[in-house]
1. Checking the condition under 17 Å from the mean Cα position of the chain (by Cα) and not in a helix (DSSP H, G or I), which residue from B:PHE364, B:PHE337 passes?
2. Take the conditions of a type in the set (Ser, Thr, Tyr), modelled with pLDDT under 90 and assigned to a helix (DSSP H, G or I) and apply them to B:SER197. Does it pass?
3. Pick out the one residue from A:MET52, A:MET23, A:MET47 that is more than 8 Å from every other protein chain (Cβ to nearest Cβ), assigned to a helix (DSSP H, G or I) and either crowded, with 18+ Cβ neighbours inside 10 Å or at pLDDT 95 or above (or both).
4. Would you mind finding the one in B:LEU161, B:LEU140 that is among the hydrophobic types (A, V, I, L, M, F, W, C), in a helix (DSSP H, G or I) and either within 12 Å of the chain's Cα centre (by Cα) or surrounded by fewer than 24 Cβ atoms within 10 Å (Cβ to Cβ) (or both)?
5. Going by the structure shown, is B:ILE227 without any contact (Cβ under 8 Å) to a residue 60 or more places away in the chain and at the interface with chain A (Cβ under 8 Å from one of its Cβ atoms)?
6. Could you pull out the residue among B:LEU320, B:LEU275, B:LEU293 that is crowded, with 21+ Cβ neighbours inside 10 Å, more than 10 Å from chain A (Cβ to nearest Cβ), in contact (Cβ under 8 Å) with a residue 24 or more places away in the chain and in a helix (DSSP H, G or I)?
7. Can you tell me how many residues in segment B:278-290 are more than 7 Å from every other protein chain (Cβ to nearest Cβ), under 11 Å from B:LEU26 (Cβ atoms) and modelled with pLDDT under 90?
Amino acid sequence: MERIFRKIEWVLAVFAGIALLIMMVLTFVDVIGRYGFNKSIFGTSEMIEALMVVVIFAGVAFVTASDKHIKVDIFAPWIARVAPNFQRWVVHIFSLIVYGGLTYELGRHMLDSLHSGKRTAVLDYPQWVMPGAAVLFSGVGVALFAAAVLATKGRLEKLADPTTNDDLGPEL
Amino acid sequence: MELALYGFAILLFLSFCGFPLGFTTLFVGFVGFAYTREWNWEGAMTMVGQQVMETGANYGLSVIPLFILMGSFIHKSNISEDLFRAAYAFIGYRKGGLAQATVLASAGFSAVSGSSLATAATMTKVAMPHMRKYGYADSLSSGVVAAGGTLGIMIPPSVPLIIYGLVAEEDIGKLFIAGTIPGLLLVFLFLGAVRFSVWRKPSLGRPGERLSRADRFAAYAKVWPVIVLFVLVLGGIYIGAFTPTEASGIGAFGAAAFAFFKGHVRSFSALLDILIDSTKTSAILFSVIFGALVFANFINLSGLPYDLLDMVEDLNMGPLGVVLFICAICIVLGMVFEAVGLLLLIVPVFLPTLQLMGVDMIWFGIIMVVVVEMGLITPPIGMNVFTVRAVMPDIKLGHIFKGVIPFVFADVIALILILAFPVIAIGLVGLLR
């Protein structure tokens with residue numbers, strides 16, 4: 001079961017990574033086209049906005065599922081000593097509620113866009129598509145995170161990161 | 001004002017207890033917003049949804065993942081060794097020359113990678129063996145790589161500057177321009193810190209061998225791609241040829257081409273590793289950005305900016321007094337928060353008040369970045385220090401913290417100079433645009 005979840009997480013990461021690659025190529029070709037050949041790609045900014053949704057929301061999904069968010073942890077070791085398991089479960093349940101609530105609100109946002117029937121200004125595609133994609137990725141993220149918490153009994157650090165890299169490359 | 005302060009206190013408490021920073025700021029901002037609107041949960045939910053969706057699907061913000069991607073390609077292309085050789089050829093023959101070469105190589109590497117931790121980790125691997133070979137004290141050599149890494153968040157393209165620009169709604173191009181001279185100032189001050197250390201205790205760092213003229217020029221010739229990339233990206237923004245978003249796309253593509261031709265990224269799996277790494281970092285940042293923007297909405301609605309303004313006027317602090325007060329808070333919080341988290345936590349709270357007082361927000365952004373930079377090398381949680389330790393586990397943490405002391409002083413001097421002479425930060429902006 002864990003392998004299936006890890007696989008889904010990896011697919012999300014790959015999906016987001018490919019979207020980032022397309023974003024880079026699109027921006028480059030658009031700029032070169034505009035300055036070199038006086039011809040830009042039609043609707044680049046809307047395409048990049050759509051790709052941003054994939055990069056960010058699929059990214060947040062696998063970052064959450066693999067528990068890689070920024071944390072400060074000043075009191076956490078002390079709390080963990082005093083009340084083992086308590087801090088871990090409270091933090092995970094809190095994250096789940098916030099992330100789930102956010103996904104729910106994105107869903108409402110999508111339904112509003114769907115009912116309004118509005119379309120984008122340049123490429124003329126339905127506006128609900130972007131919040132729809134955000135809901136899809138966030139929903140998968142919430143499900144993966146919940147499953148990972150249950151499968152590991154809250155010890156997410158036990159899971160191998162499916163996207164692990166061996167260095168500190170892109171951190172800030 | 002009490003409400004905002006309670007919110008901030010709860011936020012700090014939850015963060016210190018190990019709650020994810022992004023989710024915590026979002027939660028506190030959401031509840032605070034609902035409270036200020038007389039428990040209007042519906043309105044707060046709508047605000048969160050709109051804020052998150054607008055931020056996550058923002059064309060202008062594609063600059064963040066694209067510059068991170070550029071940094072990842074540069075990191076994988078092993079340019080760091082060439083940069084160190086070039087810097088060594090230039091300055092390595094002096095007393096403490098290898099440590100000074102590390103400062104220059106770190107500056108060059110961070111100019112195209114934009115990442116502090118990557119610079120510290122990479123330069124530790126590249127420069128530490130050479131410094132050990134020449135008998136450099138571990139305190140100086142580890143201190144210089146930890147401090148050299150911090151140059152990454154000031155020298156453009158810098159992700160913290162982009163994030164500041166987003167929160168403060170300032171032109172990212174202008175912030176990059178503004179960061180150039182303070183970045184160079186820090187490089188000179190770090191070189192001075194090395195010089196001072198070896199002047200005080202010559203045994204800390206002996207001079208290296210002087211290379212022949214031919215070898216020197218051969219070493220310089222290898223770093224041209226870095227210079228081309230830096231000039232292309234920043235030059236394009238400076239002369240107004242590209243927007244920062246376009247420059248990030250050009251820079252990332254150029255870095256990818258460079259990594260490919262150097263033979264380091266020629267398989268799909270290597271490319272995928274870089275893409276996933278960059279996506280992961282971008283997502284981590286965006287989750288904090290989402291939270292910070294929601295929290296900023298709460299702060300604005302709580303009336304804190306006007307209350308703070310009244311308080312400042314009552315105390316006769318003036319704009320400089322307020323900026324100094326904020327610096328003091330940041331220095332304390334910088335000891336426990338990492339760079340971006342701190343920026344996103346502090347800026348929304350004080351920004352409206354500073355704007356009402358007429359403070360130049362470009363200048364303030366540069367000051368914030370210098371302060372945040374200090375937090376990367378000061379105890380107890382100096383991320384760059386831990387990074388050096390992770391790469392070289394045989395060096396004691398205490399030695400590294402001891403080694404960074406001269407560089408912390410250099411940061412303080414830079415901060416004082418930029419506070420006293422704002423032209424250092426904003427002079428170039430006025431000249432070029």
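1. Values: B:PHE364 fails: not in a helix (DSSP H, G or I).
Exactly one residue qualifies, and that residue is B:PHE337.
2. Judged against the criteria, B:SER197 is not a match.
3. Result: A:MET47 is the single residue among A:MET52, A:MET23, A:MET47 that is more than 8 Å from every other protein chain (Cβ to nearest Cβ), assigned to a helix (DSSP H, G or I) and either crowded, with 18+ Cβ neighbours inside 10 Å or at pLDDT 95 or above (or both).
4. From the options B:LEU161, B:LEU140, the qualifying one is B:LEU161.
5. No; evaluated as a whole, the condition is false for this residue.
6. Details: B:LEU320 fails: crowded, with 21+ Cβ neighbours inside 10 Å; B:LEU275 fails: more than 10 Å from chain A (Cβ to nearest Cβ).
When all the criteria are applied, what remains is B:LEU293.
7. Filtering segment B:278-290 down to residues more than 7 Å from every other protein chain (Cβ to nearest Cβ) leaves B:285, B:289-290.
Then drop every residue that is not under 11 Å from B:LEU26 (Cβ atoms), which leaves B:289-290.
Pick out the ones that are also modelled with pLDDT under 90 and you get B:289.
Final tally of qualifying residues: 1.
To keep it simple, each residue is scored yes or no on (1) at pLDDT 85 or above; (2) under 30 Å from A:VAL55 (Cα atoms).
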site: B:MET70; (1), (2): yes, yes
site: B:ILE79; (1), (2): no, yes
site: B:LEU98; (1), (2): yes, no
site: B:ALA105; (1), (2): yes, no
site: B:ALA111; (1), (2): no, yes
site: B:SER115; (1), (2): no, yes
site: B:TYR136; (1), (2): yes, no
site: B:SER139; (1), (2): yes, no
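The values are calculated or read from the model by the stated rules, or taken from the named source; none is laboratory data. These numbers were taken from a predicted model, which means no experiment stands behind them. Cβ sites come from the backbone with ideal geometry, for glycine too, and all protein chains shown count toward neighbours.
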